[in-house]
Structures are given as C-alpha cells and as structure tokens.
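Reviewing the structure listed below.
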Amino acid sequence: MHWEQARPEDQPIPLTDLGRGRGALLAIAVASLLIFGLTPWVTFIAPHHQTRTGFSLASGPLGFLWGGAVAWLVSIALASSRRTIAQMRGVRAILMAFAAMTASEIAVLLAMSPGSSPRAYVAYDWAWGSYAALGVSLLGVAIAARFGGPLPAPPRVEPRPPSLPRPPLPRPPHTVH
C-alpha cells in the first residue's frame, strides 16, 4: 500500500556508496589529516632554524590545533556511517562546523602570531602546509554544505479516474401543517 512505503530520502544507501558528497568529504578529511601531520606549517628562522608541522605545533605550544584534527576524525565517522539521504542531510551543519574548525585555527594563527620584541628576536615564515590546510578546510565547508545532495523527487502516483457523479437522492415529500 502507498501509505506504508518509506519516503525516498529514508531508503537505505550502502555504506560503500561514495556518492552525494560522501566520497569527496572523506577524501578531504583524509587529506586534511595528512596535511596536519606531514606538511610544514611554519619555518622558524631565528633564534634557530626549524620547520614545524601542524602535528608538532599541536604537540607543543599550540595545543588548540588538536581541535581541527579531532574534528576531521569525527567527520570521517559521521560521513561514513550515514545510511540514508535524510541522515546525511541531517549532519550537514555539524560537518560544516567541523570543517571550519581548521580554517578558524589557522586564521587565529595568522592574525595573532607574536612577533619580535626587544628581549627576544623571533623570525618565522608560514609554510605552504598551513595555507593548504586553510584551503582544504574551506573546501570541506563547501562540500559539507551539500552533503547528502538534494531530496529525491517523490514517486509519481497515478491519479485515480474520476468517479461518476451520483444522482441526487429524491427528497421525501414535505408536509405542511
């Protein structure tokens, strides 16, 4: 019967289906984690020459950078475990917030980084890894905003043929008193 059928957006999707933004979001999450752990984010020139990755910055003086990495790990779990279009669309907002976390952390780094002072000379350059993480994070926000895609069109129900009009019932005679 028609009323017992599930809505099209509630039909199960295989976990291996990488459509509707799932594959793109998983690839972006993995790429962001690789950028976090393996690419240079900052190169210190003075007081000593040193290159640091996002992972080494988070393990050291900038512990708040773990937030973006953890958000990407949770995003992998959220994106890969959604089984219906409705579930995928339901986690869009949180996936967008998680994807934006790395971008906001890098914005804080770029805007509020300390400089040299009369007591300590510090010179550094932001390396390509920090900009790559920023770009991947913003791309992740855009992909997460469309996670699950549009709602499918409702199934077309064939209209019933119009029924023939019934003739009016005869009225009983009206007695006047």
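Structure notes:
- A search for C-beta distances below 7 Å between a residue of the stretch 60-74 that is among the small types (Gly, Ala, Ser) and any residue that is loosely packed, with under 13 Cβ neighbours inside 10 Å, counting only pairs 6+ apart in sequence or on different chains, returns nothing.
- Of the residues making up the stretch 71-103, those that are touching a Phe, Trp or Tyr at 6+ places or on another chain (Cβ under 9 Å) and part of a loop (DSSP other than H, G, I, E, B) are ARG82, VAL91.
- Given (1) among the basic types (Lys, Arg); (2) touching a strand residue (DSSP E or B) at 6+ places or on another chain (Cβ under 6 Å); (3) touching a residue at least 40 places away in the same chain (Cβ under 8 Å), index of the condition ARG52 fails: (3)
- Within the stretch 58-77, the residues that satisfy the criterion of being farther than 29 Å from LEU18 by Cβ, of a type outside the set (Phe, Trp, Tyr) and surrounded by fewer than 20 Cβ atoms within 10 Å (Cβ to Cβ) are SER59, GLY60, PRO61, LEU62, GLY63.
- Subset of the stretch 98-155 (residues that are closer than 17 Å to LEU57 by Cβ, touching a residue at least 60 places away in the same chain (Cβ under 8 Å), of a type in the set (A, V, I, L, M, F, W, C) and open to solvent by 80 Å² or more (accessible area, probe 1.4 Å)): TRP128
- For the stretch 18-47, filtered to residues that are closer than 12 Å to ALA132 by Cβ and out of contact with any helix residue (DSSP H, G or I) (no Cβ under 6 Å at 6 or more places or on another chain), the residue that is least open to solvent (accessible area, probe 1.4 Å) is LEU34.
- Search result, residues across the stretch 14-41 that are at pLDDT 80 or above, in a loop (DSSP other than H, G, I, E, B) and in contact with a Ser or Thr (Cβ under 8 Å, 6 or more places away or on another chain): THR39
- Among (1) of a type outside the set (A, V, I, L, M); (2) surrounded by 14 or more Cβ atoms within 10 Å (Cβ to Cβ); (3) farther than 14 Å from GLY140 by Cβ, the one test that ARG92 misses: (3)
The values are calculated or read from the model by the stated rules, or taken from the named source; none is laboratory data. These numbers were taken from a predicted model, which means no experiment stands behind them. Cβ coordinates were reconstructed from backbone atoms using ideal geometry, including for glycine residues, and neighbour counts include every protein chain displayed. Note: areas computed on protein heavy atoms with side chains; ligands, DNA, RNA excluded. Shrake-Rupley method; radii C 1.70, N 1.55, O 1.52, S 1.80 Å.
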